[in-house]
Each structure stands twice: as C-alpha cells, then as structure tokens.
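Novice: Once you've had a glance at the structure underneath, I'll fire off some questions.
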Amino acid sequence: MDFKKYLEKTAKELDRKVEKILEEQLNEAKKTDKKLVPLIKSFAKSCQGGKRIRGTLVKLGYEIAAHLPGVKAHLGGGKEIFKVGAAYEICHSAVLAHDDIIDESLTRRGQPSLYTALGGGHYGISQAISLADYGFFLA
C-alpha cells in the first residue's frame, strides 16, 4: 500500500475516533451544563477536516516500532493507537485555534476559524482560547 492510500484509510479511522471522543464530551456537557453544549459543538466542528497527517504518523511510528519486543503488549495489539492519534489531532486543532487568534485568521479549512465562529471580538477570542485550552487537557 502506498502512503496516500494508507493516509486515506487511517484518516477515516482517526475521524471516527475524534468524533467519538468529542461526542462523549458533548454528552457529558448536556448532563453538566447545557450552556456548554454550543461551545463544545463549536470546538468539535473546528476539529473536523484536515489531513490527519499527525495522527497517521503516530500510527505509522507505532507500526514500525511494533517489531520491537514488548511494544504491542503496551497498546493492546494496535487498536488503542487510534486514541493516541486522535489525541494528537485534537491537540493540533487546539494549537490552530490559538494560531488563528494570533494571526487574525478569519477562516480555517474553508470554514470560519473558531474565534470567528464564536462571534469574533473579545468574546469570540476569549471563548476560543478557553476551548483550545480545553482541547489541550482533553488530548
């Protein structure tokens, strides 16, 4: 399999894992405080798209290292590596939220950047910073 096909296949699985993690967070927010729901949805939307190259490289690195004694035992035969890759993707989205504020980027991946989607200005910026920090902790 060439890398392009490997990336496409792995990206689909990473998308599912990121979506699952963020859906769990959304369900928790619904129980905790319904005011958090639109914010979590905005952060989840900001995590969509992208090439998923970082998460894919995490998986590829694992597969290369899997030939070393004892590595597979640590990650349950390889299925758990998608959680690690998803964490990298969520963390990367959080970095991009901060980056968009610093660079005053109005869009990201063809959509409004997180702070723009949250209304821009002081409110949008402060909410995006808080959500990005939340993404770091979630990852």
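The values are calculated or read from the model by the stated rules, or taken from the named source; none is laboratory data. It should be emphasised that the depicted structure is a prediction, and the values quoted were computed from it without experimental measurement. With ideal geometry, Cβ positions are generated from the backbone for all residues, glycine too; neighbour counts draw on all protein chains shown. Note: areas computed on protein heavy atoms with side chains; ligands, DNA, RNA excluded. Shrake-Rupley method; radii C 1.70, N 1.55, O 1.52, S 1.80 Å.
Novice: Helix 53-65 sits at what angle to the longest principal axis of the chain, using alpha carbons and giving 0 to 90 degrees rounded to 10?
Specialist: 20
Novice: For the range 2-12, just list the computed ³J(HN,Hα) in residue order, Karplus coefficients 6.51, -1.76 and 1.60, θ = phi - 60°, integers in Hz, with x standing in for Gly and Pro.
Specialist: The phi angles translate into 7, 5, 4, 5, 4, 4, 4, 5, 5, 4, 4 Hz.
Novice: Taking the Cα centre of the chain as origin, sum charge times position over the Cβ atoms of Lys and Arg (+1) and Asp and Glu (-1), and report the length of that vector in debye to the nearest 20. Could you put the intermediate results ahead of the total?
Specialist: Numbers: 22 positive and 17 negative charges, 107 e Å.
Dipole of the chain, to the nearest 20 debye: 520 debye.
Novice: Quick one: which of Lys31/Lys51; Lys9/Lys41; Lys4/Lys41; Lys9/Lys35; Lys30/Lys51; Lys5/Lys41 span more than 28 angstrom between C-alpha atoms? The partial results should precede the final answer.
Specialist: On the way: Lys31/Lys51 32 Å; Lys9/Lys41 25 Å; Lys4/Lys41 30 Å; Lys9/Lys35 36 Å; Lys30/Lys51 30 Å; Lys5/Lys41 30 Å.
From the list (Lys31/Lys51; Lys9/Lys41; Lys4/Lys41; Lys9/Lys35; Lys30/Lys51; Lys5/Lys41), the Cα-Cα distance tops 28 Å for Lys31/Lys51; Lys4/Lys41; Lys9/Lys35; Lys30/Lys51; Lys5/Lys41.
Novice: Here is a follow-up. With r defined as the distance between the Cβ atoms of Phe137 and Leu57 and R0 fixed at 22 Å, what FRET efficiency is calculated, to the nearest 0.05? Display every interim value, and only then the final one.
Specialist: Values: r = 23 Å, r/R0 = 1.03.
Computed FRET efficiency for Phe137 and Leu57: 0.45.
Novice: Mind checking which lysines have their C-alpha under 18 Å from Lys34, skipping anything on the same chain fewer than 8 residues away?
Specialist: Lys45
Novice: Same structure again: Give, as a single signed number, the net charge of other residues whose beta carbon lies under 13 Å from the beta carbon of Lys34, with Lys and Arg counted +1 and Asp and Glu -1.
Specialist: Details: positive: Lys30, Lys31, Lys35, Lys41; negative: Glu28, Asp33.
The answer is +2.
Novice: Run the helix sum for the chain: -39,500 (n - 2.57) per DSSP H stretch of 4+ residues, divided by residue count, reported at 222 nm to the nearest 500 deg cm²/dmol.
Specialist: Working: 7 runs with 102 residues, N = 139.
My calculation for the chain gives -24000 deg cm²/dmol from helical runs alone.
Novice: Next question. At a 1.4 Å probe radius, which order do Leu96, Leu138, Leu14 fall into by accessible area, largest first? Intermediate results must be reported in sequence, preceding the final value.
Specialist: Numbers: Leu96 25, Leu138 45, Leu14 0 Å².
My answer, sorted largest first, is Leu138, Leu96, Leu14.
Novice: Given H placed 1.01 Å from N in the peptide plane, which residues other than close sequence neighbours of Arg108 have an amide H under 5 Å from its amide H?
Specialist: Residues meeting the amide H criterion: Ser113.
Novice: Taking all protein chains as present, what is the carbon and sulfur share of the accessible area of the chain, in % to the nearest whole number, probe 1.4 Å?
Specialist: 58
Novice: Okay, next question. Which one of Ala11, Ser42, Ile21 has its Cα pushed farthest toward the positive end of the charge dipole of the range 1-50, where Lys and Arg give +1 and Asp and Glu give -1 at the Cβ?
Specialist: Of the options given, the answer is Ser42.
Novice: Kindly provide the GluC sites (Glu not before Pro) of the range 24-94 that DSSP labels as loop, not H, G, I, E or B, and whose Cβ sees at most 15 other Cβ atoms within 10 Å.
Specialist: Glu80
Novice: If you don't mind, there's one more thing I want to ask. To the nearest 0.05, what FRET efficiency results for Lys31 and Arg109 with a Förster distance of 30 Å applied to their C-beta separation?
Specialist: 0.50
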